[in-house]
Amino acid sequence: MRVKRGLGALVLAVVAVFVATPAYALGNENPIMTPGATDLRVTQATIGQTICTRGYTKGVRNVSNQTKHRVYVAYGISRSQQRKYVIDHLIPLEVGGSNDITNLWPEPKADAKIKDKLENRLHASVCNGSIPLAAAQAQFTALATPSTTAPPVTTPATSPATTPPPPTAAPVTPPPTTEPPPPQTEPPPPPTEPPPPPQTDPPAPTGNCNPNYTPCVPNDPVDVDCAGGGGNGPSYVTGPVTVTGTDVYGLDSDHNGIGCE
């Protein structure tokens, strides 16, 4: 019993240090796009037949290149920058994470070794009964909070409440001593109609446009190429288009800010 308690305390201490380390906060993980997802087949009752079985993760790991590309596009990471990242499971497969895209995010390679060490420690603790499965999974969703939440908003100190002075009575205006003028006999002129509002063209729909280009470039999760070029789509755009953000589809081949020239 003392051995289990000691190991449990050690793991919790490692987790606390890991979360509090400012240099590592799951990189650019976005809890809205990557809230985390678990494999429903892995429960506390089935860990002996799943994650605690040798070779389990190798048998269930299944993330296609197309899915990885969709994750990079969603996070706005261009092809030239992808070599600095690795698509990782927020909740690791070792503690019952899922291959669903809501559990995937681009982890900076420089941070991968740090997270791998924690994954191995928590996997061992779950399998030897030191901590429950749900507690291990919660550690990884909690790690996303420091890097993605806005800084705390400080409110200015308020002065103690004071009793407002009693309202003063308004001065009494004496009644007029002269008789009011007679009413006008001529009716007032009819009101003029206001000018019609200027005609404006309705804004172009942006619901399916990628925010990194103007005018609209389809927000295709697979790829977009220039019409008439050598690309294989599946979506195409007729240029020129201006690159306003990250050139995620590689349309600006000469890097002058204009794509599909």
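Placing pseudo-labels 7 Å out from each Cα toward the beta carbon at GLN81 and ILE258 gives an inter-label distance of 2.5 nm. Each other residue within a Cβ distance under 13 Å of LEU118 adds +1 if Lys or Arg and -1 if Asp or Glu, for a net charge of -2. Note on LYS58: lysines with a C-alpha under 25 Å away, same-chain residues under 8 apart excluded, are LYS68, LYS84, LYS109, LYS113, LYS115, LYS117.
Just to confirm a number: summing +1 for Lys and Arg and -1 for Asp and Glu over residues other than GLU107 whose beta-carbon lies under 9 angstrom from that of GLU107, what do you get? Local charge sum for GLU107: -1. Other residues lying with their Cβ under 15 Å from the Cβ of PRO234 contribute a combined charge of -2, Lys and Arg counting +1, Asp and Glu -1. For the peptides 186-194, 119-127, the ranking by packing is 119-127, 186-194, with the highest mean count of neighbouring Cβ atoms within 10 Å listed first.
Among 215-221, 107-113, sorting by the average number of other beta carbon atoms lying within 10 angstrom of each residue, highest first, gives 215-221, 107-113.
No lab work stands behind these numbers, since they all come straight from the coordinates. Being a predicted model, the structure only gives us computed values, none of them experimental. Positions of Cβ are generated from backbone atoms using ideal geometry, with glycine treated the same way; all protein chains shown enter the neighbour counts.
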